[in-house]
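The values are calculated or read from the model by the stated rules, or taken from the named source; none is laboratory data. Not measured: the values here are computed from a predicted model. Positions of Cβ are generated from backbone atoms using ideal geometry, with glycine treated the same way; all protein chains shown enter the neighbour counts. Areas reflect the complete protein model, heavy atoms only, side chains present, ligands, DNA and RNA absent. Shrake-Rupley method; radii C 1.70, N 1.55, O 1.52, S 1.80 Å.
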Amino acid sequence: MVEATVKKRGRRVAVGIMNTTQALDMPEMKGMEFSHPDETPGETEVRLTQTELAEVVKP
């Protein structure tokens, strides 16, 4: 599970929680990043781009 966030007006805004397959199937959007959902929504320090996420979950 990952949390999708997007940068809006200089702040990270939580978009939703999804599995990695759903995250990788999303259209690429500028500013979209993914993180572990355990932190406060949109506030974790560790975020991955869609490309980085694909590398992490690559079989």
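Details
- Restricted to the range 1-11, and to residues there that are over 18 Å from E52 (Cα atoms) and either part of a strand (DSSP E or B) or in contact with a Gly (Cβ under 8 Å, 6 or more places away or on another chain) (or both), the residue that is most open to solvent (accessible area, probe 1.4 Å) is R11.
- Scanning the range 12-32 for residues that are open to solvent by less than 40 Å² (accessible area, probe 1.4 Å) and assigned to a strand (DSSP E or B) gives G16, M18.
- The requirement of being hydroxyl-bearing (S, T, Y), open to solvent by less than 60 Å² (accessible area, probe 1.4 Å), at pLDDT below 90 and outside any strand (DSSP E or B) is satisfied by T44.
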